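The values are calculated or read from the model by the stated rules, or taken from the named source; none is laboratory data. Since this is a predicted model, take the numbers as computed values, not measurements. Cβ: placed from backbone, ideal geometry, glycine included. Neighbour counts: every protein chain shown. In case anyone asks, the SASA skips ligands and DNA or RNA and just uses the protein heavy atoms, side chains included. Shrake-Rupley method; radii C 1.70, N 1.55, O 1.52, S 1.80 Å.
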Amino acid sequence: MIQKIIYNKVLKALEECVKRGDLGTTPPPDLALRHQVSQPKQEAHGDYASNIALMLSGPLRRKPREIGEVLAEELEKDPLFQKIDVAGPGFLNFFVSNAYWQDNLRVILDKAGDYGRLDVGRGQKVLVEYVSANPTGPLHVGHGRGAAIGDSLSRILSFAGFSVETEYYINDAGNQMDTLGKSVYLRYQEIFGKEVEFPKECYQGDYIKEIARGISAKHGDRFVDTPLEECLSLFTSIAVEEISSGIKEDLDRFNCRFDHWFSEKTLHESGYVDETIAELKRLGYVYEQDGALWFKATQFGDEKDRVIRRSNGVTTYFAADIAYHRNKLERGFNVLVDVWGADHHGYVPRLKAAIQALGCDKEALKVILVQLVNLLEGGEVKAMSTRAGEFVTLREVLDDVGKDAARFIFLTRRSDSHLDFDLEIARKKSQENPVYYVQYAHARLTSVFEKAKDKGIDVEKALNGGDLSKLDTREDIQLLKTLEAFPKQVESAAINSEPHLIAYYLTELASRLHGYYNKHRFITDDSPLTMARLCLAQGVRQVVKNGLGLLGVSAPERM
């Protein structure tokens, strides 16, 4: 990546200048390492800029511009640079030679599907746990956003050299499960004419009635006169199985596939939760007060200590979460990524405290908070209440706009920003629809190659031997620069857990491609120029495909 290359060349030039005595004295060695190479906001200021001259001014007791001019003279010997300006108070502005961007296109063509693949992860084991919606109802659009973020991040991390596994944590224990079973039982009673009072805390959705009808079809009136407490576990298990099956189907259709489905119930049934509490107690992080057991979360920076076993002997959800993350760590994962709804933000400090109590760095846990989705239809926001059964399911959205549009739109904003999902825009086959805009770039370039073949052009020869120095217009270089930036975007998305950066990047690349297409022809009367531009077309098409793949979105050849 050019940014890193320039960074290292600046350090090398400084070393040469110091060795010759051009700077008068030797600066502190660690100071230069902290210099930054960044992209100027204005194109006239070059491709990249370094602040090293400003940083060295104090220790060298020289004006920044003087230092900058010495370094620029040394750096201009390198053919990588077309020119170097010393600007303002002493910034080094680098104008990279066209040859570098052109040569990088050959790298793209050679690496093809592996272009952008990195080894920044160095094989670190990462477990990405995402969605993990309670099996008390079908997935809604909010879950869909978390699914798109979790799955795309997993793909990006893997592409960046991490060893990634994915997991869905099934919250199939606790009071919510009893409430689910009770909800189905009461609807079952209604089918056989029983008058029942349906509490507000029960699940109201039509899917509860469907599960009840399924039980009645299979078992008839067998449970009509059976008290709730005698058949609650049966109704609960049937409901959990049906809802979980539907969740798995929806996620599979959404292109999200998990390596593991982990049941919370197994933590309790195996005694692992009690074992974890005992371990924390042995380590000195648990105390008893008012008959309850408390975890010393404040010892690790949380605002207050947390109950892990109530005075009635029942363990809390937090106790199960500690046990679950202890299990993750014992499976050998170096990094634990949890994708949660933003309403769980207050839960982060206490779980990081638990991670530290278990002997790990709190940074081993990375929590991505996903803000709400406002689903718009005709300018109106659709109501969303899971308990009341008033929500739009992920399945309905997929039926309406399809997987690709849903996934891409979910990734057009930072995860911690609210997202307005406009169904009318998602349905459009036009530039207003962000995924259509990007996918059309791929399809458009595919049609270029079809036309080239129709004209008898040897496409393989073009891609293997085009004279890339022909790509010298302003638009050529802009496209080439954008292509070169792809690996850096992959690195940033992986390190910062921000898959939306890939969506941003693809939108910019598509915009440059469409602008280029409207101004230049790929197939011309000049054979060498045509060969070069077909190489450019293939480079853009390949990077669009690679990027869409990281988002779990298809790259269609026709639209």
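The residue of segment 403-425 that is nearest to residue 341 (Cα to Cα), among those that are surrounded by 23 or more Cβ atoms within 10 Å (Cβ to Cβ) and aliphatic (A, V, I, L, M), is 411. Check whether at least one residue in segment 168-177 is modelled with pLDDT under 95, among the small types (Gly, Ala, Ser) and either in a loop (DSSP other than H, G, I, E, B) or open to solvent by less than 20 Å² (accessible area, probe 1.4 Å) (or both), and report yes or no. Checked against the condition, which is being modelled with pLDDT under 95, among the small types (Gly, Ala, Ser) and either in a loop (DSSP other than H, G, I, E, B) or open to solvent by less than 20 Å² (accessible area, probe 1.4 Å) (or both), segment 168-177 yields at least one hit.
Counting residues in segment 125-138 that are open to solvent by 20 Å² or more (accessible area, probe 1.4 Å) and assigned to a helix (DSSP H, G or I) gives zero. The residue that is farthest from residue 269 (Cα to Cα), among those in segment 133-191 that are among the aliphatic types (A, V, I, L, M) and free of Cβ contacts under 8 Å to residues at least 40 places away in the same chain, is 191.
Can you name the residue in segment 9-34 that is open to solvent by 80 Å² or more (accessible area, probe 1.4 Å) and assigned to a loop (DSSP other than H, G, I, E, B) and is also farthest from residue 95 (Cα to Cα) among such residues? Checking each candidate, the answer is 26.
Quick check on my filter: what residues within segment 196-222 are open to solvent by less than 40 Å² (accessible area, probe 1.4 Å), farther than 18 Å from residue 232 by Cβ and assigned to a helix (DSSP H, G or I)? Answer for segment 196-222, where residues must be open to solvent by less than 40 Å² (accessible area, probe 1.4 Å), farther than 18 Å from residue 232 by Cβ and assigned to a helix (DSSP H, G or I): just 207. Scanning segment 1-34 for residues that are under 21 Å from residue 47 (Cβ atoms), touching a residue at least 40 places away in the same chain (Cβ under 8 Å) and charged (D, E, K, R) yields a total of 1. Might you let me know whether segment 283-294 holds any residue that is modelled with pLDDT of 95 or more, of a type outside the set (A, V, I, L, M) and within 15 Å of residue 358 (Cα to Cα)? So far as segment 283-294 goes, yes, one or more of its residues are modelled with pLDDT of 95 or more, of a type outside the set (A, V, I, L, M) and within 15 Å of residue 358 (Cα to Cα).
Give the residues of segment 35-69 that are assigned to a loop (DSSP other than H, G, I, E, B) and either exposed (fewer than 13 other Cβ atoms within 10 Å of the Cβ) or in contact (Cβ under 8 Å) with a residue 60 or more places away in the chain (or both), sorted by residue number.
Hits for segment 35-69 are 36, 41, 42, 47, 61.
Contact map, segment 206-224: residues that are over 12 Å from residue 185 (Cβ atoms) paired with residues that are open to solvent by 50 Å² or more (accessible area, probe 1.4 Å) and among the acidic types (Asp, Glu), Cβ distance under 8 Å, separation 6+ or inter-chain. Pairs shown: 214/242.
Total residues in segment 247-298 satisfying the condition of being open to solvent by less than 20 Å² (accessible area, probe 1.4 Å), in contact (Cβ under 8 Å) with a residue 60 or more places away in the chain and in a helix (DSSP H, G or I): the figure is 6.
Does residue 433 satisfy the criteria of being free of Cβ contacts under 8 Å to residues at least 12 places away in the same chain, out of contact with any Ser or Thr (no Cβ under 9 Å at 6 or more places or on another chain) and either over 15 Å from residue 533 (Cα atoms) or open to solvent by 70 Å² or more (accessible area, probe 1.4 Å) (or both)? It is false that residue 433 is free of Cβ contacts under 8 Å to residues at least 12 places away in the same chain, out of contact with any Ser or Thr (no Cβ under 9 Å at 6 or more places or on another chain) and either over 15 Å from residue 533 (Cα atoms) or open to solvent by 70 Å² or more (accessible area, probe 1.4 Å) (or both).
Residues that are closer than 17 Å to residue 487 by Cβ, open to solvent by less than 10 Å² (accessible area, probe 1.4 Å) and either assigned to a helix (DSSP H, G or I) or among the small types (Gly, Ala, Ser) (or both) do not occur anywhere in segment 514-536.
Just wondering, is there one or more residues in segment 106-116 that are at negative phi, in a strand (DSSP E or B) and either of a type in the set (Gly, Ala, Ser) or open to solvent by less than 30 Å² (accessible area, probe 1.4 Å) (or both)? Break it down into steps so the answer makes sense when it comes.
Initially, segment 106-116 is screened for residues at negative phi, giving 106-111, 113-115.
Now drop any that are not in a strand (DSSP E or B), which leaves none.
There is no residue in segment 106-116 that is at negative phi, in a strand (DSSP E or B) and either of a type in the set (Gly, Ala, Ser) or open to solvent by less than 30 Å² (accessible area, probe 1.4 Å) (or both).
Could you tell me whether residue 189 is surrounded by fewer than 22 Cβ atoms within 10 Å (Cβ to Cβ), in a helix (DSSP H, G or I) and modelled with pLDDT of 95 or more?
Details: surrounded by fewer than 22 Cβ atoms within 10 Å (Cβ to Cβ): yes; in a helix (DSSP H, G or I): yes; modelled with pLDDT of 95 or more: yes.
Taking the combined requirement at face value, the residue satisfies it.
Might you let me know whether segment 370-383 holds any residue that is closer than 22 Å to residue 495 by Cβ and either modelled with pLDDT of 95 or more or touching a Lys or Arg at 6+ places or on another chain (Cβ under 7 Å) (or both)? Steps first, answer last, please.
First, pick out the residues of segment 370-383 that are closer than 22 Å to residue 495 by Cβ: 370-371.
With the extra rule that they be either modelled with pLDDT of 95 or more or touching a Lys or Arg at 6+ places or on another chain (Cβ under 7 Å) (or both), the set shrinks to 370-371.
Within segment 370-383, one or more residues are closer than 22 Å to residue 495 by Cβ and either modelled with pLDDT of 95 or more or touching a Lys or Arg at 6+ places or on another chain (Cβ under 7 Å) (or both).
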